[in-house]
């Protein structure tokens, strides 16, 4: 009986711990090796385009999106528009897990750019 009581006390103590809440935003870390300013758009599949901003030449920047955007079944895609060439390139899809971050690398030739989901950033 004492063991059962001790176990109940231990479990009730664990119940008072605060549950870990999911972050309300997803950070997108962008690193550009491009020689031009690049406009960065985020899409769910090929719909619901959202302009995130401009990344300068050879610059790093962090954008944030609502965590709800990660629920996109077809995956998140990026559309990159190089301002000097006035050309667009697709990157993705990325399926970030809850609590994950996204790393977007814009290469010198934007068509070779990559995006990856980072867990436990």
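Within region 68-88, the set of residues being farther than 13 Å from residue 34 by Cβ and either touching a residue at least 40 places away in the same chain (Cβ under 8 Å) or in contact with a helix residue (DSSP H, G or I) (Cβ under 8 Å, 6 or more places away or on another chain) (or both) comprises 69, 70, 76. Return a yes/no flag: does region 4-27 have any residue that is touching a strand residue (DSSP E or B) at 6+ places or on another chain (Cβ under 8 Å), at pLDDT 90 or above, surrounded by 15 or more Cβ atoms within 10 Å (Cβ to Cβ) and under 20 Å from residue 116 (Cα atoms). Yes, some residue in region 4-27 is touching a strand residue (DSSP E or B) at 6+ places or on another chain (Cβ under 8 Å), at pLDDT 90 or above, surrounded by 15 or more Cβ atoms within 10 Å (Cβ to Cβ) and under 20 Å from residue 116 (Cα atoms). For region 58-70, the candidate set comprises residues that are touching a strand residue (DSSP E or B) at 6+ places or on another chain (Cβ under 7 Å) and outside any strand (DSSP E or B); within that set, the residue that is modelled with the highest pLDDT is 59.
I want to confirm something. Restricting to region 89-121 and keeping residues that are in a helix (DSSP H, G or I) and touching a residue at least 12 places away in the same chain (Cβ under 8 Å), which single residue is farthest from residue 38 (Cα to Cα)?
Taking region 89-121 as the starting set, the residues that turn out to be in a helix (DSSP H, G or I) are 110-112.
After this cut, where a residue has to be touching a residue at least 12 places away in the same chain (Cβ under 8 Å) as well, the list is 110-111.
Values: 110: 9, 111: 12 Å.
By that ranking, first place goes to 111.
Quick check on region 71-88: of everything there that is touching a strand residue (DSSP E or B) at 6+ places or on another chain (Cβ under 6 Å) and outside any strand (DSSP E or B), which residue is surrounded by the fewest Cβ atoms within 10 Å (Cβ to Cβ)?
Taking region 71-88 and keeping what is touching a strand residue (DSSP E or B) at 6+ places or on another chain (Cβ under 6 Å), we get 72, 75-82, 88.
From the residues that got through so far, the ones that are outside any strand (DSSP E or B) too are 72, 75.
On the way: 72: 19, 75: 16.
Restricting to residues being touching a strand residue (DSSP E or B) at 6+ places or on another chain (Cβ under 6 Å) and outside any strand (DSSP E or B), the top hit is 75.
Between a first residue in region 55-67 that is closer than 14 Å to residue 106 by Cα and a second residue that is at pLDDT below 95 and surrounded by fewer than 16 Cβ atoms within 10 Å (Cβ to Cβ), which pairs have beta carbons less than 8 Å apart while being 6 or more apart in sequence or on different chains? Cβ pairs passing all conditions: 57/35; 58/35.
The values are calculated or read from the model by the stated rules, or taken from the named source; none is laboratory data. Quick caveat, the model's predicted, so the values are computed rather than measured. FYI the Cβ positions are ideal-geometry reconstructions off the backbone, even for glycines, and counts take in every protein chain you see.
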